[in-house]
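Here is the structure we will look at.
The values are calculated or read from the model by the stated rules, or taken from the named source; none is laboratory data. Just so we're clear, the structure is a prediction, and the values are computed from it rather than from any experiment. Here Cβ is always computed from backbone atoms with ideal geometry, including for glycine, and neighbour counts include all displayed protein chains.
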Amino acid sequence: MAEKILSVGIDVGTTTTQLIFSELLIENTASDFSVPCIKIIDKKIIYRSEIYFTPLITPTKIDVQKIKELIEHEYQKGKIAKSDISTGAVIITGETARKENSESVLNSLSDFAGDFVVATAGPELESILAGRGAGADIESKSRHEVVANVDIGGGTTNISVFKNGEVIDTCCLDIGGRLIKVDKTTHRITYISKKIQKLIEINSLNIHENSLINNSELMKLTKILSSGIGEVLNVSKRTELSKYLVTDKTLREDYKIDHVMFSGGVADCIYKQESKEAFEFGDIGVSLGKSISDSFWIENINVIDSIETIRATVIGAGNHTTTISGSTILYSTDVFPLKNIPVVSIDVGDEDDELRQNKLIEAIETKIKWFELSDEQQLVALSINGNRKFSFKNIEELADVVLKGMNLLLVKDRPIIIIVEKDVGKILGLMIQKINVKNNPLICIDSIRVRDGDYIDIGTPLSGGKVVPVVVKTLALGY
């Protein structure tokens, strides 16, 4: 019988703050004579909040109390109690993530997502959530082609690239509609971000804070910003411009993007060609959208419609963060929920490979030392990947490898957290319990693949304790 759980997505962005409530349907899809296989079989948005301008006290400080009041108001309007929520995500995105009190905002809102919340502002995760919320993953899978989603918000532009439904690349640029703020009535510039100010100076543009906006000079600037997006997408030749605008790493050049879609607040100014007041949002978003839609490079790439524009990230947060573990799992009952646990991984190969115990123990020991363990609260999860079909002997050997490799955590009485790609979590957990004389709390779950550099959240068990909800946060996608 299917079980319904409620999920919330809260997005505090550079320009706007919003939330959605989603209903996730989970069900055992296995037959009565098989090991349970519980999956999310349906997702449905049941409530969308109003879209609010993100309240700020100063340009560098978020109004925490005002945001909390907005969220409380939307819970009341949606007739949802905090106790009804089983899972969800609070995402602080774009420039807002760089505000001096962003951590305080996350802490103040965590109470609105029940026992299980993602609180992160990583650009890679933001890119992926926006791409999934916009439907780029679905389009890439149905078309069997490479689809890029360009999410242009108030402070940043996040690009995610999907192939056959899976993300293969991400990128973040310092491009956004609210990097220059303009008084809607007087058209006087009230704010220019430092990065854009330097770009203005490099190009000798007549745009200055506290002066009236010069429309022709502004169009020169937004054309430059648009060109930067085209370069990163490999539609036009890359120059120093794209290097300057990229926040960390750019997109790779070893694949071709077949289609591009747009999301974020600026996307509506790209897709919808009807006339808009240039500064109706108090920023340069309208001009930026027009420059992109009129750009030379956009004619050289196939643009497709997105499912969502301004709500893409919040829908990604509420609908696409949670996955479900396998049901052959074992856990101690008093350790949930767990949040922001770094992952280290080992690969045990396939059945034709020898299980090299000493090499695996050394690898685990080395990777655990990546993290500073002087903090007694530090936890590390171990991921065991590979295509091996485990024999009972392999399970015994692997349990020994885990305990010896994770000894640094064992002596600190920290919980043992194991994530196995294959569905052997319960038997491995039982074997670990049998030989671990220290009796550390244990979570051993399966049917989830994670890797070095990922972080996970594990929520309170669902479906009568058969499975646990898991959020995998990929904070750095490798090349």
key: Residue satisfying all of: in region 261-271; at pLDDT below 90 and surrounded by 20 or more Cβ atoms within 10 Å (Cβ to Cβ); farthest from VAL235 (Cα to Cα) among these   = GLY265
Residue pairs meeting the criteria (Cβ under 6 Å; at least 6 apart or on separate chains; first among the charged types (D, E, K, R), in region 161-184; second part of a strand (DSSP E or B)) = LYS163/VAL146; ASP169/VAL161; ARG178/ASP283; LYS181/THR190; LYS181/TYR191; LYS181/ASP283; ASP183/THR190
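Of all residues in region 173-188, how many are acidic (Asp, Glu) and either within 22 Å of the chain's Cα centre (by Cα) or assigned to a helix (DSSP H, G or I) (or both)?
Summing the residues that are acidic (Asp, Glu) and either within 22 Å of the chain's Cα centre (by Cα) or assigned to a helix (DSSP H, G or I) (or both) in region 173-188 gives 1.
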Which numbered condition ASN407 misses (of (1) under 20 Å from GLU362 (Cα atoms); (2) buried (at least 16 other Cβ atoms within 10 Å of the Cβ)) = (2)
request  = May I ask you to list the residues in region 403-424 that are more than 25 Å from the chain's Cα centre (by Cα) and basic (Lys, Arg)?
outcome  = LYS404, LYS412, ARG414
inquiry  = Considering only residues that are at pLDDT below 90, part of a helix (DSSP H, G or I) and either loosely packed, with under 12 Cβ neighbours inside 10 Å or touching a strand residue (DSSP E or B) at 6+ places or on another chain (Cβ under 6 Å) (or both), which ones fall in region 68-89?
reply    = SER83, ASP84
query = Are any of the residues in region 331-341 of a type in the set (D, E, K, R), modelled with pLDDT under 80 and farther than 30 Å from LEU212 by Cα?
reply = yes
request  = Could you check how many residues of region 4-21 are free of Cβ contacts under 8 Å to residues at least 60 places away in the same chain and either basic (Lys, Arg) or surrounded by fewer than 24 Cβ atoms within 10 Å (Cβ to Cβ) (or both)?
outcome  = 1
request  = Would you tally the residues in region 426-453 being of a type in the set (D, E, K, R), touching a strand residue (DSSP E or B) at 6+ places or on another chain (Cβ under 9 Å) and either under 11 Å from LEU410 (Cβ atoms) or not in a loop (DSSP other than H, G, I, E, B) (or both)?
outcome  = 2
request  = With respect to ASN387, determine if the residue is over 27 Å from SER86 (Cβ atoms) and at pLDDT below 85.
outcome  = yes
ask   = Considering only residues of region 272-311 that are touching a strand residue (DSSP E or B) at 6+ places or on another chain (Cβ under 7 Å) and of a type in the set (Gly, Ala, Ser), which is modelled with the highest pLDDT?
value = GLY282
message = I'd like to check something: does region 456-474 contain any residue that is assigned by TED's automatic domain parsing to the domain that holds ILE346, within 30 Å of SER160 (Cα to Cα), touching a strand residue (DSSP E or B) at 6+ places or on another chain (Cβ under 6 Å) and assigned to a loop (DSSP other than H, G, I, E, B)?
response = yes
task = For region 213-232, name all the residues that are at pLDDT below 95 and in contact with a strand residue (DSSP E or B) (Cβ under 9 Å, 6 or more places away or on another chain).
result = ILE213
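For every residue, the table says whether it meets (1) surrounded by 19 or more Cβ atoms within 10 Å (Cβ to Cβ); (2) assigned by TED's automatic domain parsing to the domain that holds TYR271; (3) in a helix (DSSP H, G or I).
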site	(1), (2), (3)
ALA148	yes, yes, no
ILE159	yes, yes, no
CYS171	yes, yes, no
THR190	no, yes, no
LYS195	no, yes, yes
GLU209	no, yes, no
remark   = Picked from region 211-256 (must be of a type in the set (D, E, K, R), touching a helix residue (DSSP H, G or I) at 6+ places or on another chain (Cβ under 8 Å) and surrounded by 12 or more Cβ atoms within 10 Å (Cβ to Cβ)), the residue farthest from VAL146 (Cα to Cα) is LYS223
